[in-house]
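See structure below.
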Amino acid sequence: MTGVFADPDEITDGQVLNFTLANNTHPDLVSARFHDSFLTLHFTPNAFGSATLVVRASDGLGGTVEDTFT
């Protein structure tokens, strides 16, 4: 997720970004898991359609930002 999100204060405040899935419009099609700054998508076999995922990054000091993926 470091290619999408960055914390300009990371060097000075020592905080790292934490990622969560804020929304998934089609959870029976795809699920998402985070490990460190990596997002892994798991697709349901023989399922079809599209999903919109909203990923939230937070810095632990109250700063948050979201990005939407389809």
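Derivation of every value follows stated rules applied to the coordinates shown; laboratory data play no part. Everything numeric here is computed off the predicted structure, so don't read it as measured data. FYI the Cβ positions are ideal-geometry reconstructions off the backbone, even for glycines, and counts take in every protein chain you see.
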So how do 35-43, 54-62 stack up, highest first, on mean other-Cβ count within 10 Å?
54-62, 35-43
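Once the other residues with Cβ under 9 Å from the Cβ of Leu21 are scored (Lys, Arg +1; Asp, Glu -1), what is the net sum?
Values: positive: Arg33, Arg56; negative: none.
Net charge around Leu21: +2.
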